[in-house]
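Take a look at the structure below.
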Amino acid sequence: MRGPASILPLQLRNVGLAIRDRDLLRQIDVELSAGAPTMIMGPNGAGKSLFLRVCHGLIAPTSGSVEWSVPSTRAQAMVMQRPVLLRRSARANLVHALALAGTPRAARGARADEVLERFGLTDIAQRPARLLSGGEQQRLAIARAWALAPQVLFLDEPTSALDPGATRAVEDIIRAIAAEGVKIAMATHDIGQARRLGGEVLFFHSGRLLEKTPAPRFFEHPQTQEAAAYLRGDLLW
């Protein structure tokens, strides 16, 4: 029996986003395809988070088009830099997400327990989600997204405020999800992390996409002066 049709590739054609006459994204032409994780990189204010939100559908572009191969809002999910968690236990957060997704009531508890075990969160199942550590909250948020079986998962700097141990735990989850065939598109400032996880890099600067390059080539031979400066640690204006 065949599974659901793939919603990939995702095509952005001449996408722009302007707010109060200020161009925040400009002439973005890119395709996201199945495969290894795509790392979204660039300095602060480059447009990384806005790009992810436009892809996910949280923000409509003011010009251009964003098209999935098969339109489906439930086949893709996004986890924010600061995840929004309900004032409930970790397990109840999962059960609530499953309810919103239409999972039959009788199946929600078992599915939530399966997800908690899958991501090593069983020990915190009954703890209030908002009192968890930053790393635990991020793992729970990713687990909650994964529970809905997305084909594409957008991550907006999921480890930006985490210590090395928590970062490693989140990276392990991302690798495992990617290995299952879920497409990961992830914004990060961490060059080492992008090297460890990325299959390709999209490099943004001042609202423009300057590079779409396989990760090894990007880090060894960036195509633009801006990317080379960024990798050196220079400030970009």
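Okay, here's what the table says:
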quantity: Selection status of V115, β-branched (V, I, T) and under 17 Å from the mean Cα position of the chain (by Cα); calculated: no
quantity: Residue count, segment 119-137 (criterion: surrounded by 15 or more Cβ atoms within 10 Å (Cβ to Cβ) and closer than 15 Å to R175 by Cβ); calculated: 1
quantity: Failed criterion for L153 (all others in (1) assigned to a loop (DSSP other than H, G, I, E, B); (2) surrounded by 19 or more Cβ atoms within 10 Å (Cβ to Cβ); (3) out of contact with any Leu (no Cβ under 9 Å at 6 or more places or on another chain) hold); calculated: (1)
quantity: Selection status of L52, in contact with an Asp or Glu (Cβ under 7 Å, 6 or more places away or on another chain) and not β-branched (V, I, T); calculated: yes
quantity: All positions within segment 17-32 that are farther than 24 Å from A75 by Cβ, surrounded by fewer than 17 Cβ atoms within 10 Å (Cβ to Cβ) and of a type outside the set (K, R); calculated: A18, I19, D21, D23, Q27
quantity: Some residue of segment 196-219 being surrounded by fewer than 20 Cβ atoms within 10 Å (Cβ to Cβ), touching a helix residue (DSSP H, G or I) at 6+ places or on another chain (Cβ under 8 Å) and farther than 21 Å from E31 by Cα; calculated: yes
quantity: Some residue of segment 61-75 being modelled with pLDDT under 95, within 19 Å of I174 (Cβ to Cβ) and either under 18 Å from the mean Cα position of the chain (by Cα) or surrounded by fewer than 18 Cβ atoms within 10 Å (Cβ to Cβ) (or both); calculated: yes
quantity: First in segment 149-168 and on the phi > 0 side of the Ramachandran plot, second anywhere and outside any loop (DSSP other than H, G, I, E, B) and polar (S, T, N, Q), Cβ under 9 Å, 6 or more apart; calculated: E157/S49
quantity: Qualifying residue in segment 178-188 (condition: in a helix (DSSP H, G or I), at pLDDT 95 or above and under 26 Å from P4 (Cα atoms)); calculated: yes
quantity: Cβ-Cβ under 6 Å pairs, at least 6 apart or on other chains, segment 112-135 side free of Cβ contacts under 8 Å to residues at least 12 places away in the same chain, far side among the hydrophobic types (A, V, I, L, M, F, W, C) and part of a helix (DSSP H, G or I); calculated: T122/L116
quantity: Residue in segment 93-102 that is surrounded by the fewest Cβ atoms within 10 Å (Cβ to Cβ), counting only those that are in a helix (DSSP H, G or I) and free of Cβ contacts under 8 Å to residues at least 40 places away in the same chain; calculated: L100
quantity: From R105, R87, residue being more than 29 Å from A46 (Cβ to Cβ), surrounded by fewer than 14 Cβ atoms within 10 Å (Cβ to Cβ) and in contact with a Lys or Arg (Cβ under 8 Å, 6 or more places away or on another chain); calculated: R87
quantity: Of all residues in segment 220-237 being surrounded by fewer than 17 Cβ atoms within 10 Å (Cβ to Cβ) and touching a Phe, Trp or Tyr at 6+ places or on another chain (Cβ under 8 Å), the one that is farthest from N14 (Cα to Cα); calculated: L231
quantity: Hits in segment 1-16 - residues which are assigned to a loop (DSSP other than H, G, I, E, B), surrounded by 14 or more Cβ atoms within 10 Å (Cβ to Cβ) and not hydrophobic (A, V, I, L, M, F, W, C); calculated: S6, P9
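Conditions tested, residue by residue: (1) of a type in the set (S, T, N, Q); (2) touching a Leu at 6+ places or on another chain (Cβ under 7 Å).
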| site | (1), (2) |
| --- | --- |
| T38 | yes, yes |
| L52 | no, no |
| S63 | yes, no |
| G102 | no, no |
| R111 | no, yes |
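The values are calculated or read from the model by the stated rules, or taken from the named source; none is laboratory data. Note that the coordinates shown come from a computational prediction; the quantities given were computed from them, not determined experimentally. Every residue, glycine among them, receives a Cβ derived from its backbone with ideal geometry; neighbour counts consider all protein chains shown.
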